[in-house]
Structure formats: C-alpha cells, structure tokens
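Reading through the structure tokens given below for one structure.
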C-alpha cells in the first residue's frame, strides 16, 4: 500500500487532478486502484467497498470512496489524538456516505450516539443504506448542510462524491457540474433539537466551510472535547487556529497532516501520505492545498 501511495503522491498536481476526474467517469479505474491497495470494490448495481480492516460500505465508485476508506479505517486519521470510547457522543459533519459514521457508531456502542449531517441527496441515500446495513440504532441522520446560521444556501455539486461544496466558501470548486439549493442547520441547533449536553468528538469535513461550521457552534464548542477536521485551502488552518484560540485553546502541535489545539483538540486529515513527525506548529508549518506541510 505504501508503494502505491508514494506513486500517487509523486504524480504532478495536474496528473493527480486528472486521475481523480477520470475515476468519476470510469469506475473500472477506481476498481484497479482499489485492488492495488489490497481492498475490494464491487462496481455493479449497488457498488460497495470492503477489505480486511474495512467493513462493507455502499459507495459511489470514485477515488473518494477509496481515499475515505483508507483514511478512516486503515490510517485512522481522525483518531490520532483521541480514540472513541463506549458512550461517547459524536457529530459527523459532512458524513458523505457514512464511513466515519459507521466506524464511530460501532465504537461508541448502544450507550453512545452519532449524529451524521450530510446535504447531498446521492450521498444521503447511501448513508442511510449503510446505517441500515450495519443495524446502527444509535445514529441520527440529518439531511442538511451545516454552517454559521440556519437557512438555505447554494451547493456546488461535483463529479466526485466527496468534493461537493457550498458556493460561498474560499475554496475553488473541484470538477463542478451543477448547483442545487440545500437547507442549512448549525451545530447549536442540532444540540438544542437533540438535547445534546456534550460533544465528545466533532468531525468536520465540508470542503472549505469548516470555519463556518465552527461559527455556528458558539454554544456547542463550550461542551466539545475534541474536534477533527480536514483543511481545504491555504490559510484555513490559521483561521481555525485563531478562532479556537480565542475560545480557550492555548497550544497547537502537529503530527503529519494533523494538528491539535489544547483545550479543544483539532485534527486535520489529508488523503495524501505525508511525513509523520512531531513539531511545534508555532515554529514550523504552513499549509499547501489541503495538507499540512511538515517539510
């Protein structure tokens, strides 16, 4: 798997982008790449991915399915600073087809709860299907986007299932194909509506709207123990760091593509492999694309 990862990482950016786009149009290409990683992808009427450490998950058969499976089940990027425990309350913002939702729901057990938030109808259908497949009664699904305030917003749909994004974000859309209007909720609204008194783990992956999600969690952040998120544009890490430090964070350190803010812990993930060494974020780090550069 390391050799394949290195080969993908060594490609020029234009080739990486073209490869991603091609997998959206040719599921067979995704199948071949998936096999090289030692996983299995069925590309029939109801495509799904599975493997030694990956449970059966219904997916859209593109490169996002493979990278999500590797990150969540194999590399466990969202749990480098905190491992989910029985009874935890988890919110999965940008749940995609439910890979992290499934993993989290299994980890927290019947005494815990997972709230999965996903606005895109195609992903939402597979999210519900995966929750039903694994008989997860501790999952609440919310078919909305998440942001600073409740209302409606334009969402740019992409050729790839994992790169849909709200139009009003700083990140340029990847492979846009159309726009749809979606309903927007906030973390504070979710906590109020569901009566959540704490959030043990808040995972955010919303293609550049991560800070907007945090801005809609003024009350929720006060009861949040750990936050894990993926960064998508240059400067987003600094914006998130500054915002959270003003709300109680004191120290930031990073591990590979991950960083943690003490008081509130923050982990950023990246599907591309990076060198994994510990460093002080304040001394040496900057962001490039959606990765934390630790060179």
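The values are calculated or read from the model by the stated rules, or taken from the named source; none is laboratory data. Please read these numbers as outputs of a predicted model, since none were measured by experiment. Cβ sites come from the backbone with ideal geometry, for glycine too, and all protein chains shown count toward neighbours.
Answer yes if at least one residue in region 31-45 is part of a helix (DSSP H, G or I), modelled with pLDDT of 90 or more, touching a strand residue (DSSP E or B) at 6+ places or on another chain (Cβ under 8 Å) and closer than 30 Å to residue 184 by Cα, and no otherwise. Give the steps one after another, and end with the answer.
Pass one, region 31-45, residues part of a helix (DSSP H, G or I): 31-36.
Those left that are additionally modelled with pLDDT of 90 or more: 31-36.
Add one more test, that the residue is touching a strand residue (DSSP E or B) at 6+ places or on another chain (Cβ under 8 Å), and what stays is 31, 34-35.
If we keep only those that are closer than 30 Å to residue 184 by Cα too, we end up with none.
There is no residue in region 31-45 that is part of a helix (DSSP H, G or I), modelled with pLDDT of 90 or more, touching a strand residue (DSSP E or B) at 6+ places or on another chain (Cβ under 8 Å) and closer than 30 Å to residue 184 by Cα.
Looking only at residues that are part of a helix (DSSP H, G or I) and without any contact (Cβ under 8 Å) to a residue 40 or more places away in the chain in region 19-30, which one is surrounded by the most Cβ atoms within 10 Å (Cβ to Cβ)? Even if it seems obvious, please write down each step before you answer.
Step one: filter region 19-30 for residues part of a helix (DSSP H, G or I), giving 19-25, 27-30.
From the residues that got through so far, the ones that are without any contact (Cβ under 8 Å) to a residue 40 or more places away in the chain too are 22, 27-30.
On the way: 22: 14, 27: 19, 28: 11, 29: 16, 30: 26.
The extreme case among them is 30.
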Check: Does residue 54 meet the test of being part of a loop (DSSP other than H, G, I, E, B), within 26 Å of residue 165 (Cβ to Cβ) and modelled with pLDDT of 95 or more?
Finding: yes
Notebook entry, point to check: Applying the selection to region 96-114, what residues are more than 28 Å from residue 178 (Cβ to Cβ) and in contact with a strand residue (DSSP E or B) (Cβ under 7 Å, 6 or more places away or on another chain)?
Noted result: 102, 104, 105, 108, 112, 113, 114
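Counting residues that are at pLDDT below 90, which helices (runs of 4 or more DSSP H) fully inside region 121-224 reach at least 1?
Qualifying helices (runs of 4 or more DSSP H): 210-215.
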Next item on the list: Considering only residues that are in contact (Cβ under 8 Å) with a residue 60 or more places away in the chain and not in a strand (DSSP E or B), look in region 86-106 and name the one that is nearest to residue 48 (Cα to Cα).
Entry: 97
